[in-house]
Amino acid sequence: MSSPIDENLGETKQLVSSSEEENIVDATTTQNADELLGELRRLLIEPEQKQLSTLTQRLDDPEIYAQEISNILPKAISLSTEQKNGLTEAIQPSVETAIKISVKKDPSTLVDALFPVMGPAIRKAISQALSSMLQSLNQTLESSFSIQGLKWRLESIRTGRPFAEIVLLHTLLYRVEQVFLIHKETGLLLQHLIAPTIVAQDADMVSGMFSAIHDFVRDSFGVTENEALQELQVGELTVWIEQGPKAFLAGVLRGTAPKELRLVFQEVLEQIHLKYIEPLAEFQGDASIFEDARPILESCLQTQYELKSKEEKPSPALVAVTTVISASLVVGFSYWFWHYWHWQNYLARLNSEPGIVVTRVGSQNGKYFVQGLLDPLATNPEEIRKEVGLNPNKVQTSWEPYQALQPKFVLQRARVILEPPQSVMLRLENNTLIATGTASQKWIKETSKWAKVIAGINSFQADKLISLEEKELEEEKIFLETNKLLFINGKTQLVEGQEAMLNKLAQTLQEFIEKADLLEKKVNIEIIGQTDSLGTEQTNSNLSKERAEKIMSLLIARGIKSNYLKAKGIGVGNALTNESISHQNNEADRRVTFQVNFLN
């Protein structure tokens, strides 16, 4: 029979159990909800997250960003040029600065690039100048060698004007010196052209005066819109004015022009109205759009001189003077250009040559001069001058010695100073002189001391360099340890003919000890005596030691110091032959050998 306490305990257990189950269910439900929410988040925003990650990587990686910009930059520049949005004006300072830096650094690059067009341009300019000069000279000379010319010269003296101006005034029929295109409504200047050699006043001010005069005439005299001012006379100058709906054309003339010239003015004004009808109607003060009208207006700048009769022949004096002047100009320019071109080639070669630094160039007293620094190991500038074909009488040079730090010159200078043997190879890496091969210990020590003194060398590396003495020391060690001295059976007397081997071993041993001392190596030479298997062990032990001591005494007598030698007898040693036991009395076993030991 259960008690009330037991029943209460049972109910409590049931309640606890029920509560734990509910907690487990709640935890499971929460976990499932989190998993579902995470899956939903992944499905909804994972693609955008990947795109954002890719976009961030593209923006943060300079290489990718630069590559993408390089792909669209040419197209962007092309569109900007077509749209005229100011790209040309924006990059103009950078381009000008880059050209200035390039010219300052190496002018020969720009000279070489311009050479194909520089010659034709200069020749064309000279041709035009000669043509204009000859035309003026022709008129002047023809007038000078005539009665009319003498009259004009007297007029020049009387009036104080230059003779050429008097000739021009008497031979000129007419010349249009200036052309103004003026907006009719605002009176602002749209374009202004001037004939060569003409000095003009401020074009905007003149344009304003034309407009003011035009308005004054219209307001003062009550003229209609279709009636307007057509001509002004100012001293020797005449101003022709052609009216248009939106603009008028004003031409400043000298001389007496034919009426046909007005037709030219009218046609030009009609073309401008036809081409720029909308810009003229919408004009707000920006005249840059009418820049393209200059070629049309240039047809108004006409000049006509008095023509000579067809039968009139040029003066022989004129022909002679013209020929002499033309020939002189051509020869002079050719001579100058020939020397200038060779001079530029000479400077380009000097600037590109290692070990040569040009500090100053120019011309003085009809000669070119160049100053700079010259490494003694560099190419001789005189050889360069000969190669480019520059006249030695046209150039003066002044060179100060210096030491170039290019690896080529540093290594060449090291070979001259250090005088390495043929068995040594030198190379330069990061201001470190590296030697490989074999050399004497003396050369290695001296090179380690003096290499750092050479300009351009900070350290000397010789760990890959084999000492010649060490190599010879190893060879002599092998020789000493592989040769032996043979003895008569049962005696300390050498076999006949072994004296020569003893002398050779003594000489080798002496050289070996000297090299070891030079390399600061301590050595000990063990003289090991041996016998054959005949006789008792004690007898063989004593005999082997006596043989070793005998050889030691003979070596000392030949000049070998005793402190390097140690005699040792080992009795019966290892047999040197594979003979059978019946040949135990073997001469090769009765020997003395050497063991060379290096001491720490």
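The values are calculated or read from the model by the stated rules, or taken from the named source; none is laboratory data. Bear in mind that the values here come from a model prediction, so they are computed numbers and not experimental data. A quick note on method: Cβ atoms are made from the backbone with ideal geometry, for glycine too, and the neighbour counts reach across all protein chains shown. Calculation scope for accessible area: heavy atoms of the full protein, side chains included, ligands and nucleic acids excluded. Shrake-Rupley method; radii C 1.70, N 1.55, O 1.52, S 1.80 Å.
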*Does Ala250 fit the bill of being outside any helix (DSSP H, G or I), under 58 Å from the mean Cα position of the chain (by Cα), small (Gly, Ala, Ser) and within 18 Å of Glu231 (Cα to Cα)?*
yes
_Matching residues in the range 464-491 - criterion: being in contact with a helix residue (DSSP H, G or I) (Cβ under 8 Å, 6 or more places away or on another chain), of a type in the set (A, V, I, L, M, F, W, C) and either in a strand (DSSP E or B) or exposed (fewer than 14 other Cβ atoms within 10 Å of the Cβ) (or both)_ = Leu465, Leu485, Leu486, Phe487
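Is there a residue being part of a helix (DSSP H, G or I), aliphatic (A, V, I, L, M), loosely packed, with under 10 Cβ neighbours inside 10 Å and modelled with pLDDT of 70 or more anywhere in the range 29-43?
The answer is yes, given that some residue of the range 29-43 is part of a helix (DSSP H, G or I), aliphatic (A, V, I, L, M), loosely packed, with under 10 Cβ neighbours inside 10 Å and modelled with pLDDT of 70 or more.
Every residue, every condition in (1) modelled with pLDDT of 75 or more; (2) open to solvent by less than 60 Å² (accessible area, probe 1.4 Å), yes or no:
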| site | (1), (2) |
| --- | --- |
| Val268 | yes, yes |
| Gly285 | yes, yes |
| Pro295 | yes, no |
| Tyr305 | no, yes |
| Glu311 | no, no |
| Ala317 | no, yes |
| Trp336 | no, no |
*Restricting attention to the range 392-401, and to residues there that are modelled with pLDDT of 85 or more and surrounded by fewer than 13 Cβ atoms within 10 Å (Cβ to Cβ), which single residue is nearest to Val103 (Cα to Cα)?*
Ser398
*Within the group Gln83, Gln49, which residue is at pLDDT 70 or above and not charged (D, E, K, R)?*
Gln49
_Looking for something modelled with pLDDT of 90 or more and touching a helix residue (DSSP H, G or I) at 6+ places or on another chain (Cβ under 6 Å) - is there at least one such residue anywhere in the range 531-552?_
yes
*Just give me the residues in the range 448-463 being open to solvent by less than 60 Å² (accessible area, probe 1.4 Å) and part of a helix (DSSP H, G or I), in sequence order.*
Ser448, Ala451
*Take Asn489 and decide whether it is under 27 Å from Gly571 (Cβ atoms) and among the polar types (S, T, N, Q).*
yes
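Residues are listed down the side, and each one gets a yes or a no for (1) within 25 Å of the chain's Cα centre (by Cα); (2) aliphatic (A, V, I, L, M); (3) surrounded by 13 or more Cβ atoms within 10 Å (Cβ to Cβ):
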residue	(1), (2), (3)
Val370	yes, yes, yes
Thr379	yes, no, yes
Glu387	yes, no, no
Leu390	no, yes, yes
Gln403	yes, no, yes
Arg415	no, no, no
*Applying the selection to the range 415-452, what residues are small (Gly, Ala, Ser) and touching a Ser or Thr at 6+ places or on another chain (Cβ under 9 Å)?*
Ser423, Ala435, Gly437, Ala439, Ser440, Ala451
*Scan the range 427-447 for residues that are in a helix (DSSP H, G or I) and open to solvent by 70 Å² or more (accessible area, probe 1.4 Å) and jot them down.*
Lys442, Lys445, Glu446
*In the range 253-279, how many are among the β-branched types (Val, Ile, Thr) and not in a helix (DSSP H, G or I)?*
1
*asked:* Where the second residue is among the aliphatic types (A, V, I, L, M) and open to solvent by less than 20 Å² (accessible area, probe 1.4 Å) and the first is touching a residue at least 24 places away in the same chain (Cβ under 8 Å) and lies in the range 528-544, which pairs have Cβ atoms under 8 Å and are six or more apart or on separate chains?
replied: Ile528/Ala548; Ile528/Val592; Gly529/Ala548; Gly529/Ile551; Gly529/Val592; Gln530/Val592
